[in-house]
Amino acid sequence: MVRSLSNDTKGAGFAMDFIVQYGWVLWVALILVFVILELFTVNFIFLMLAVGSIGGLIAEVAGAPLWVQLIIAGLASLLLMFTIRPPLLRALKKGGDPARSNVDALIGQVGEVTTAFVDGVGHAKLANGETWTARLSTASGRPQLALGDKVIVLTIEGATAVVAPAERTTP
């Protein structure tokens, strides 16, 4: 026997019946999507949305209407985002290696001029043993540096160390 679709099973009425009957499936699917997105971002926003959605799932299982489920999920997510997420982010960043590396480690290093600076450009051997092409900082006020003068690295621009004369201390 062939059944024809009645007006109750067409359109919005059918969709609402499906949501009411299988709402828990939609909540579980939404939670899984949020967890998968969190795995790719690791910023704890989608994790907070997933946990908030668990509140919506619990409200659905308890028989609450859809609008109550959405409010519970939204409020739980917001509450978690502003209370739990900040400490989680701090814990994630805690324990990172504070040592500077690569170019950042060169900033502030002392060096010695190995070739006299002509027009503000020369070479300097840094404390780590590397010899760099160096350019005198325009803020230093000295137009020339002589062989053996001490310099300090201010910044690195490409393959050139921008240096300034190091302060001489008298013993």
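Just want the ordering: Leu39, Leu154, Leu136, from fewest to most Cβ atoms lying within 10 Å of their own Cβ.
Numbers: Leu39 10, Leu154 17, Leu136 24.
Ordered by Cβ neighbours within 10 Å, fewest first: Leu39, Leu154, Leu136.
Amide H to amide H, with H built 1.01 Å from N, Ile156 comes under 5 Å of Val162, counting only residues 5 or more places away or on other chains.
Matching the structure-derived Cα extents along the principal axes in Å against the labelled list (i) 101, 39, 26; (ii) 207, 27, 16; (iii) 49, 38, 25 gives the label (i).
Under the combined filter of DSSP loop state and at most 10 neighbouring Cβ atoms within 10 Å, the stretch 65-163 retains these trypsin sites (Lys or Arg not before Pro): Lys94. With contributions of -39500 (n - 2.57) from each DSSP H run of at least four residues, the per-residue ellipticity at 222 nm computed over the chain stands at -15000 deg cm²/dmol.
Counting only Cβ charges, +1 for Lys and Arg and -1 for Asp and Glu, the dipole size of the stretch 102-165 around its Cα centre is about 120 debye.
Between the Cα long axis of helix 45-61 and the first principal axis of the chain there is an angle of about 10°, rounded to the nearest 10. Connecting C-alpha atoms closer than 10 Å in a GNM of the chain, tell me which of Val118, Val61, Val51 has the biggest fluctuation. It is Val118.
Counting only DSSP beta bridges with both residues in the chain, the antiparallel share comes to about 85 percent.
For the chain, a Gaussian network of Cα nodes joined below 10 Å ranks Ile54, Ile152, Ile72 by mean-square fluctuation, and the top entry is Ile152.
Counting Lys and Arg as +1 and Asp and Glu as -1, each charge on the Cβ, what is the dipole of the chain about the Cα centre in debye, to the nearest 20?
Numbers: 12 positive and 12 negative charges, 37 e Å.
Its charge dipole is roughly 180 debye.
Sorting Phe14, Phe34 by the number of Cβ atoms found within 10 Å of their own Cβ, with the fewest placed first, yields Phe14, Phe34.
Read the figures in this text as sums done on the coordinates, not as results from a lab. Since the structure is predicted, the reported quantities are computational estimates derived from the model, not experimental observations. Cβ: placed from backbone, ideal geometry, glycine included. Neighbour counts: every protein chain shown.
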